[in-house]
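See structure below.
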Amino acid sequence: MKTPPENMVINKASAAEEAPVVVAGDEDDDGEAGLGLREEVKKQLWLAGPLVAVALLRYVIQMISVMFVGHLGELPLAGASMANSFTTVTGFSLLI
């Protein structure tokens, strides 16, 4: 079996070079502190916040429609709740 040429050999990096996580309090070569947990949470919330808001507002639309039907009586409320559950299960969420 031939050994590959030297320029084609892939050297495995050490464990310290593979670790993508920076622990709070670690310092880089220039003395700056690494990205802390608080900053990471802020970045995650900044990205995920609109997605969470849209998901909650989607359910609020369904809740308001059931609340309006609830003023008509117990039987219409039960029917609207069943219809709401049926449309949610059968793919109404794909239309929104």
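Quick check, is Glu74 modelled with pLDDT of 90 or more and loosely packed, with under 10 Cβ neighbours inside 10 Å?
It is true that Glu74 is modelled with pLDDT of 90 or more and loosely packed, with under 10 Cβ neighbours inside 10 Å.
Could you please give the count of residues in segment 38-55 that are exposed (fewer than 10 other Cβ atoms within 10 Å of the Cβ) and at pLDDT 90 or above?
4
The values are calculated or read from the model by the stated rules, or taken from the named source; none is laboratory data. Here the structure is a predicted model, which is why all the values come from computation and not from measurement. All Cβ positions, even for glycine, are placed from backbone atoms using ideal geometry, and neighbour counts span all protein chains on display.
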